[in-house]
1. Restricting the search to segment B:124-152, which residues are aliphatic (A, V, I, L, M), without any contact (Cβ under 8 Å) to a residue 60 or more places away in the chain and within 14 Å of chain A (Cβ to nearest Cβ)?
2. Going residue by residue through segment B:111-118, is there one that turns out to be touching a helix residue (DSSP H, G or I) at 6+ places or on another chain (Cβ under 8 Å), farther than 23 Å from residue B:4 by Cα, open to solvent by 50 Å² or more (accessible area, probe 1.4 Å) and part of a loop (DSSP other than H, G, I, E, B)?
3. Out of the residues in segment B:359-380 meeting the condition of being among the β-branched types (Val, Ile, Thr) and out of contact with any Pro (no Cβ under 6 Å at 6 or more places or on another chain), tell me which one is surrounded by the most Cβ atoms within 10 Å (Cβ to Cβ).
4. Exactly one condition in (1) assigned to a loop (DSSP other than H, G, I, E, B); (2) open to solvent by less than 40 Å² (accessible area, probe 1.4 Å); (3) of a type in the set (D, E, K, R) is false for residue B:321; which is it?
5. Residue B:215 fails exactly one of the following numbered conditions: (1) under 15 Å from the mean Cα position of the chain (by Cα); (2) within 17 Å of residue B:241 (Cβ to Cβ). What is the number of that condition?
6. State all residues of segment B:65-89 that are closer than 23 Å to residue A:39 by Cα and more than 14 Å from chain A (Cβ to nearest Cβ); if no residue qualifies, say none.
7. Can you tell which of B:355, B:328 is β-branched (Val, Ile, Thr) and farther than 28 Å from residue B:215 by Cα?
8. Hey, among B:121, B:155, B:105, which residue is surrounded by fewer than 24 Cβ atoms within 10 Å (Cβ to Cβ) and within 14 Å of chain A (Cβ to nearest Cβ)?
Amino acid sequence: MSDIAERVKKIVIDHLGVDADKVSEGASFIDDLGADSLDTVELVMAFEEEFGVEIPDDAADSILTVGDAVKFIEKAQA
Amino acid sequence: MRRVVITGTGMVSPLGCGTEITWSRLLDGQSGARQVSGFEFEDLPARIACYIPTGDGTGGTYNADRWMEPKEQRKVDPFIIYAMAASEMALDDAGWHPKTDEDQIATGVMIGSGIGGLEGIVEAGLILRDKGPRRVSPFFIPGRLINLASGQVSIRHKLRGPNHSVVTACSTGAHAIGDASRLIALGDADVMVAGGTESPISRMALAGFAACKALSTRYNDEPTRASRPYDRDRDGFVMGEGAGIVVLEELEHAKARGAKIYAEVVGYGLSGDAYHITAPSEDGDGAYRCMQMALKRAGLSAGDIDYVNAHGTSTMADTIELGAVERVVGNHAANISMSSTKSAIGHLLGAAGAVEAIFCALAIRDNIAPPTLNLDNPEVDTAIDLVPHKARSREINVALSNSFGFGGTNASLVLRRYA
């Protein structure tokens with residue numbers, strides 16, 4: 001995993017209180033990791049804070065999995 | 001109207017996590033007061049408070065992880081976790097875990113708080129100032145709202161009846177129990193989880209109450225001596241934290257399932273001073289009318305009262321309340337014991353009335369009046385037994401609990417032995 005992926009994974013583990021082995025690239029925040037809509041808002045905020053990027057609301061709506069978040073951040077930082 | 005009884009109690013207090021551990025330490029004369037810690041306090045005029053003892057959950061300590069998952073705790077202020085803990089204890093104690101639609105819909109929640117998530121509001125305010133609105137958590141609002149104690153408890157236990165909350169400063173807990181009892185009496189619910197919760201010990205709240213000149217400041221080096229209701233050397237209240245929750249139940253409902261009954265809620269009175277935002281009216285008229293209304297509702301006379309759990313905050317207002325009680329009880333004064341348990345646990349603000357109503361139920365159960373600590377030199381003479389220093393064993397069949405709050409809001413509850 002890339003550095004970004006590791007950091008995303010750590011944020012997800014901390015915020016959702018889930019086991020590390022569940023946080024795969026394809027894991028859906030809501031369907032697989034037990035998040036609700038407010039949890040996803042907070043996750044997006046935490047990604048913004050950690051990586052110094054801005055994730056507009058319409059982009060945030062399409063970040064549904066761990067992999068989605070990693071891809072968005074990689075692109076934003078490129 | 002239908003009759004209402006208490007069938008379960010739960011408590012998190014500065015004397016421990018649990019009703020029985022708190023009660024035994026209270027009767028033993030222990031104090032929960034100590035110097036504040038965990039935040040900057042050197043510049044505060046009041047530097048003591050009554051803290052819940054925390055630990056791994058053994059020995060009467062409170063372990064938040066036992067009551068709410070760590071990832072959920074992060075989203076709420078502690079007053080909500082205290083309410084979750086005390087509610088679960090109360091429901092377990094009552095043996096009431098509704099599973100059917102009918103039972104869940106017949107069970108409601110009415111938990112209040114005086115000020116709710118003050119600390120979380122302070123923190124969010126700093127984030128808003130320093131980082132802007134995009135960094136304000138989506139859990140800021142639902143983790144601070146006072147009625148979210150009722151909301152969280154209802155979600156956890158699937159209680160789908162009336163869901164309500166009370167905010168009347170230091171009368172909150174008593175109003176919640178009184179109002180919830182009425183919902184049962186009127187037939188809107190068969191069971192109510194009711195009480196109060198508060199987590200005020202913070203730099204912000206100590207600064208605010210100190211500015212109102214409400215807090216004790218003279219005993220910062222002797223915390224356990226600071227809360228001294230009726231004593232001539234008292235100088236303000238000592239802040240406390242915790243929650244008190246009762247399971248209230250319609251009498252026939254409780255009997256039908258063979259529930260243990262602590263006491264019957266027979267009287268409830270409410271009044272307003274219409275006088276001052278923080279001070280009680282000097283003639284004690286609001287307190288007097290409140291107690292009279294509760295006795296009238298109970299169908300009892302002043303001579304029936306055995307024990308009064310006073311509001312008694314260790315402020316100048318103590319003698320006003322005492323005068324009002326003397327006026328209510330007249331020449332029965334010598335037969336009455338009246339104590340302020342705030343001398344041991346401090347002032348739990350919105351939780352105070354609920355915790356103290358539970359103490360009244362236990363005083364009836366065990367025929368014992370808990371003590372008023374530190375009452376070395378009563379400021380005024382009275383025929384009423386103020387139970388100085390040591391608990392007093394005596395017959396207690398009827399107990400009255402007083403709560404008075406900022407804004408001149410008063411509540412009195414009357415409990416009677418169920419026989």
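1. Selection gives B:124, B:127, B:128, B:136, B:141, B:145.
2. Yes; the residues of segment B:111-118 include at least one that is touching a helix residue (DSSP H, G or I) at 6+ places or on another chain (Cβ under 8 Å), farther than 23 Å from residue B:4 by Cα, open to solvent by 50 Å² or more (accessible area, probe 1.4 Å) and part of a loop (DSSP other than H, G, I, E, B).
3. So, considering only residues that are among the β-branched types (Val, Ile, Thr) and out of contact with any Pro (no Cβ under 6 Å at 6 or more places or on another chain), the one surrounded by the most Cβ atoms within 10 Å (Cβ to Cβ) is B:364.
4. (1)
5. Evaluating residue B:215 over (1) under 15 Å from the mean Cα position of the chain (by Cα); (2) within 17 Å of residue B:241 (Cβ to Cβ) leaves (1) as the failure.
6. B:66, B:67, B:77, B:78, B:79, B:80, B:81, B:82, B:83, B:84
7. After ruling out the rest, the residue left standing is B:328.
8. Going through B:121, B:155, B:105 in turn, just one is surrounded by fewer than 24 Cβ atoms within 10 Å (Cβ to Cβ) and within 14 Å of chain A (Cβ to nearest Cβ): B:155.
The values are calculated or read from the model by the stated rules, or taken from the named source; none is laboratory data. What you see is a predicted model, and the numbers here were worked out from it, not measured in a lab. Using ideal geometry, Cβ is built from the backbone for each residue, glycine included, and neighbour counts are taken over all protein chains shown. In case anyone asks, the SASA skips ligands and DNA or RNA and just uses the protein heavy atoms, side chains included. Shrake-Rupley method; radii C 1.70, N 1.55, O 1.52, S 1.80 Å.
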